Amino acid sequence: MRISMELFWGLLFIIAGITLMAKYLFHINVPVIRILLGVVLIYLGLVIALGRFGIKSGREIIFSDGSLDVTSVNNEYNIIFGNGIINLTDESEIGENKNIEVNTIFASGRIMIDQSIPAVVKVDSAFGSANFPDGTSINFGDHTYKTKAYREGEPFVPIKASVVFGQLNIENSDRAE
């Protein structure tokens, strides 16, 4: 059952109207504000429990699950209290020397990267876990991973990733091999 915002606000105003009528027409002492606050808290609890509460925009996933494609407009992508995939496989959207930042905080994230794109991924981890395609794992500190197409002195895509109290996996995309 999905609770829509229209349904919620409609029911909230109906309850408020009934309690106000009961209070003034029938002289029944009803704590209107407390009832309305209780209904709002119950609604928020249901929305969070049913997984309907969250934000997924073109650059962040918060309290939700989803996938974000790298675009030429955005350079910072955040996964917070959720589960997400950052797709770094479209060469037309990833320009050379374009700085890309990925933050994974209290979340689980995956960075899908194409090995044919020259890229350097520098990951900082604090109380988190980061796993790389070459089999390396870190929990604290930092590690730098370079794709197969990276050549010293040639243009590349710098990617800075941070993981805090979460997990981040850097994975090869299907078309990379």
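None of the figures in this text is laboratory data; all of them are computed from the coordinates on show. Please read all numbers here as calculations on a predicted model, not as lab measurements. So basically every Cβ, Gly included, is an ideal-geometry build from the backbone, and we count neighbours across all protein chains shown.
Working from label points 7 Å from Cα in the Cα-to-Cβ sense, the Tyr24 to Asn139 distance is 6.3 nm.
Ordering 100-107, 135-142, 152-159, 121-128 by mean Cβ neighbour count within 10 Å, with the highest value first, yields 100-107, 121-128, 152-159, 135-142. Karplus-based coupling profile of segment 153-164, in residue order and whole Hz: x, 9, x, 8, 9, x, 10, 10, 10, 10, 10, 10, with θ = phi - 60° in 6.51 cos²θ - 1.76 cosθ + 1.60 and x standing for Gly or Pro. Annotation: extensible slack from Phe81 through Asn99 equals 4.1 nm (criterion: 0.36 nm per residue apart, minus Cα-Cα distance).
In this simple spin-label model, placing a label point 7 Å from the Cα along the Cα-to-Cβ direction at both Leu7 and Lys148 gives a separation of 5.0 nm.
Net length available on complete extension from Ile14 to Phe165 is 50.1 nm, with 0.36 nm assigned per residue and the Cα-Cα distance removed.
Near Ile61, the amide H atoms lying under 5 Å from its own belong to Asn78, Ile79, Ile80; only residues 5 or more places off or on other chains count, and H is placed 1.01 Å from N. For segment 55-176, just say rounded, prolate or oblate: build the C-alpha gyration tensor, square-root its eigenvalues into a ≥ b ≥ c, call rounded for a/c under 1.5, and beyond that prolate if a/b exceeds b/c, oblate if not. Verdict is oblate for segment 55-176. For Leu68, the amide hydrogen comes within under 5 Å of the amide hydrogens of Ile85, Ile86, Asn87, counting only partners 5 or more places away or on other chains and with H modelled in the peptide plane. Between Asp65 and Val120, the modelled label-to-label distance comes to 3.6 nm, taking each label 7 Å out from Cα in the direction of the beta carbon.
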